[in-house]
Structures are given as C-alpha cells and as structure tokens.
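Below is one structure, written out as structure tokens; the observations come after it.
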Amino acid sequence: MSGSTFQRRGDGADERTPTSTEPLPDATRAKRLRGSIKRRLPRRVVLVLRFCFDQLELVRCFLHDYRRYRRHFGHPLRRERRYLEAHLLRDAHRIEKGLALPAPRPFFGAEVTERLVSILEEHGAELDGSHARDFAQGALRAYLDYHEGRDVPDDGHARRLETMATVLQGGDAAVGAPSGIVSVAARGGRTSVRRFARRPVAPTLLRAAVARAIQAPSVCNRQHWRVHLFDGATKRRLLTLQNGNTGFGDDAPVLAVITSRLSSFLTPYERYQQYVDGGMFAMCFLEALHASGLGACPLNWSASVEQDRAFHALHVVPPEESVIMYVVLGHYDREAAVVAASPRMPVENFVRFHGETGAEGMVSGKPE
C-alpha cells in the first residue's frame with residue numbers, strides 16, 4: 001500500500017513492525033523507559049518498588065471487581081427478567097435437592113416455596129418462554145406430588161399447597177416435568193449424590209481419584225491444588241461451617257476440602273486464578289470419583305468472612321490455602337438412589353458464535 005508506515009519482516013511473516021522513522025507508541029516508550037530504569041537500579045530496590053506497585057495494583061483491581069459485582073449481581077431488589085430467572089433456578093434446585101435427601105422432612109422449605117410462588121404469580125407473563133420458569137413449575141409439581149395424601153398439620157401448610165396448585169393450574173402439564181427427583185440410572189453420567197451407604201471408603205480409591213484429577217491444567221503448570229480428607233468429628237465440625245449440607249452431610253463417610261495455595265500466584269492479575277484452576281481440578285476430581293464408582297456432592301464455599309475465619313481458626317489446613325469447595329463422598333446404591341433431576345437448558349442458551357462468517361462458516365471452515 002502506497003505511503004504505508006509499516007514494513008513486512010524479512011522472514012515473510014504477516015506481523016508488521018513500525019519503521020525506524022515512525023514515532024513509537026506511548027506504551028512501547030513507557031516499557032523501554034521502565035526497562036532502562038530497572039537496569040540502572042540495584043535489584044533489591046527494583047524488587048521493593050515492584051512490591052509497592054503490586055500492593056497498590058491489588059487494591060485497584062479489587063476495587064474494579066467490587067464495582068462490577070455491585071453493579072450486576074442479582075440483589076432481590078432487582079426485578080429484571082435475568083435476575084428473576086436466577087432466583088427461580090436457585091430456589092427450584094433447593095426444592096429438588098430437598099426431595100433427593102434420604103428422608104425429606106414433610107412440608108420443608110416453606111419460605112422457598114412461597115418465594116417461588118410469589119415470583120410466578122407476579123411475573124409469570126414476563127417470564128413466558130423462560131426455562132427457569134419451567135424448572136420452577138416442575139419443582140413445585142414434584143413438591144405437591146411428594147405431599148399427595150399426607151396429613152396436613154395446620155392451615156398454614158394447607159393454604160401454601162393450595163396456592164401452589166392454583167399457580168400451576170391451566171399450565172402445560174409437560175412443562176417442567178424433568179424437575180424433581182429421578183433415579184441415578186435415569187439421570188445418566190456424573191450427578192450429585194446425597195444418599196450414601198454407611199461404609200468406609202478405601203484410601204486407595206481416594207488416592208487413585210486424586211491421581212487422575214491432578215492431570216487438570218493449571219496456570220504455568222504450578223499445580224497449586226490440595227485435597228484434605230476428613231472423617232469423624234473433624235468432618236462434622238467442618239460441615240457446620242457450610243450452609244448446604246443439612247440432611248445428608250453427616251451420612252457421607254468422607255469430606256474432601258479442595259484448596260489452592262496462594263503462594264503459587266505471583267501478580268495481582270492472578271487474584272482469581274486460584275478459583276479458575278481450583279474449579280477445573282475439582283471437576284476432574286468429581287469425574288474421577290464417579291469413574292471409581294463413588295458418589296459425591298460438591299458443596300459451595302460461598303462463605304462469609306466469619307465462616308472463612310472460623311474455618312482457618314481450626315488449623316486443619318495451612319493459612320496460605322484458600323478453600324475452593326467442599327465435596328462429600330462415599331459409596332452409594334446405584335440402583336436404589338435417587339438424585340435431583342437438575343434439568344439443563346438447551347445448548348443454544350449458552351453458545352454464541354462471534355465469527356464474521358457466522359456459525360455455519362465457523363463450523364464448515366469456509367474462508368471469508
């Protein structure tokens with residue numbers, strides 16, 4: 001191109017570099033200046049300056065994260081469709097999880113079911129066609145089915161069940177049908193198990209599962225994950241610090257606590273790599289447990305400051321390790337166990353093709 005300020009490299013590569021007469025970009029000049037200063041200063045001084053910079057940059061990064069999360073997270077005061085769907089999905093899963101327990105407590109989850117009914121009553125029209133609405137309706141139907149024919153202890157429960165039935169009247173009977181509980185065999189593949197056999201798990205099985213899980217990728221192969229395994233009184237104490245294991249956690253023979261070592265991360269920009277890598281490792285660990293014939297249920301560590309401090313105050317893991325998640329695990333009866341159906345949305349809900357040739361062009365590999 002005539003008058004171009006770029007020239008091709010001599011090796012014929014596509015990359016173009018500025019000519020010697022073109023002014024350097026500001027970022028390039030700044031980088032060269034930093035390099036020149038670093039070469040002139042003692043290494044100890046450079047490291048101290050870098051440490052000070054990282055402290056300030058860490059504050060700036062977390063402030064940025066705070067502002068983004070504050071702006072977009074689903075606070076109950078926000079009633080746009082995407083936030084309503086998140087509330088429906090969470091509470092529908094709470095219902096099907098309760099039905100999947102070894103001994104569901106009759107009329108459990110009053111506050112949860114009332115919240116589901118309220119959203120469906122007030123926002124049913126604007127949620128038309130929503131998969132989250134379908135799942136919520138399916139969970140409520142499964143809840144009603146579970147209580148069919150049971151003695152209702154008081155008028156409050158009776159009114160709640162009647163209101164549910166009214167909300168579901170007139171809808172498509174097939175809507176939400178997969179919600180509720182299904183057998184492990186019908187669910188297929190790995191699934192979260194909440195009904196465990198009370199027998200010990202051989203350490204060889206656990207070591208084999210970890211051996212498979214450590215094939216997970218990690219940033220620059222730093223392999224910072226750890227798996228701490230607990231049973232007995234320590235297991236029970238740790239489970240009191242987590243909010244989602246009531247009704248089945250105590251029955252699981254083993255608690256695995258997956259952690260990441262913070263000392264493995266070297267810059268402020270890796271502040272969330274512990275969770276990225278830790279999540280991939282945890283998924284590999286769950287799949288390895290499933291392949292070995294063990295059942296498992298991951299438990300989130302969405303902990304408050306007080307919960308996290310209480311966990312580390314027990315000194316069961318080094319203070320530099322962050323908790324990624326809990327996993328309760330053990331043997332189970334594959335033929336008899338039931339699990340939460342946890343239906344999935346269609347794949348189109350998750351994938352977006354951004355290529356200029358569109359989805360068909362990307363799949364076929366056709367040139368532009």
- prompt: Expressed as an acute angle from 0 to 90° and rounded to the nearest 10, what is the orientation of the C-alpha long axis of helix 203-213 relative to the principal long axis of the chain?
  reply: 50 degrees
- prompt: Mean projection of the alpha-carbon convex hull of the range 115-244 over all orientations, in nm²?
  reply: 13.8 nm²
query: What's the angle, to the nearest 10 degrees (0 to 90), between helix 43-72's Cα axis and the longest principal axis of the chain?
result: 40 degrees
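Do you know the relative contact order of the range 245-368, to the nearest whole percent, from alpha carbon pairs under 8 angstrom that are 6+ apart? Before the final figure, lay out each step's value.
Numbers: 105 pairs, mean separation 43.1, N = 124.
Reported relative contact order: 35 percent.
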message: With bins 5 Å wide starting at 0, give me the P(r) of the range 221-368 over every alpha carbon pair, in whole percents.
response: 2, 8, 14, 16, 16, 12, 11, 8, 6, 4, 2, 1, 0
- prompt: How about LYS235: which aspartates and glutamates have a C-alpha closer than 17 Å to its C-alpha, ignoring those fewer than 8 places off in the same chain?
  reply: ASP250, ASP251, ASP308
Anisotropy class of the range 124-163 from Cα gyration tensor, a/c 1.5 cut: oblate
query: Among ASP277, ASP54, ASP26, whose mean-square fluctuation peaks in a Gaussian network model of the chain (Cα, cutoff 10 Å)?
result: ASP26
- prompt: If one puts a single equal scatterer on every Cα of the chain and applies the Debye formula without solvent, what log₁₀ I(q)/I(0) results at q = 0.08, 0.12, 0.14, 0.15 Å⁻¹?
  reply: -0.61, -1.12, -1.33, -1.42
Where labels lie 7 Å past Cα in the beta-carbon direction, separation of ARG78 and ALA233 in nm: 4.5 nm
message: Using Cβ contacts closer than 10 Å as the measure, can you line up MET280, MET325 from fewest to most?
response: MET280, MET325
- request: Rounded to the nearest 0.05, what FRET efficiency do ILE37 and ARG198 give with R0 = 56 Å and r taken as the Cβ-Cβ distance? Could you check?
  value: 0.30
message: Given contacts defined as C-alpha pairs under 8 Å and at least six residues apart, what's the relative contact order of the range 90-200, whole-number percent?
response: 39 percent
- prompt: Points 7 angstrom from Cα along the Cβ direction at ARG159 and HIS315: gap in nanometres?
  reply: 5.3 nm
- prompt: Simple spin-label model, 7 Å along Cα-to-Cβ: ASP151 to ALA103 in nm?
  reply: 1.8 nm
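Subtract the Cα-Cα distance of GLN169 and THR28 from 0.36 nm times their separation in residues, and report this length gain in nm to one decimal.
Working: separation 141, 0.36 × 141 = 50.76 nm, distance 6.63 nm.
So the extension gain works out to 44.1 nm.
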field: Size of electric dipole in the chain: Cβ of Lys, Arg +1 and of Asp, Glu -1, about Cα centre, debye, nearest 20
entry: 2200 debye
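Excluding TYR332 itself, what net charge comes from residues whose Cβ is under 11 Å from its Cβ, given Lys and Arg +1 and Asp and Glu -1? Working shown, then result.
Working: positive: ARG194, ARG195, ARG198, ARG199, ARG334; negative: ASP251, ASP333, GLU335.
In short, +2.
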task: Note down the relative contact order for the chain as a percent, whole number, built from C-alpha pairs under 8 angstrom at least six residues apart.
output: 19 percent
Per-pair calculated FRET efficiency, R0 = 25 Å: VAL276 and ASN349 via Cβ, rounded to 0.05: 0.65
- line: Per the 1/(1 + (r/R0)^6) rule, R0 = 56 Å and r from the Cβ atoms of SER118 and ALA185, FRET efficiency to 0.05 is 0.95
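Any read-out appearing in this document is the output of simple, stated calculations on the displayed coordinates, not a laboratory observation. Note that the structure is predicted; figures quoted are calculated from it, not measured. Here Cβ is always computed from backbone atoms with ideal geometry, including for glycine, and neighbour counts include all displayed protein chains.
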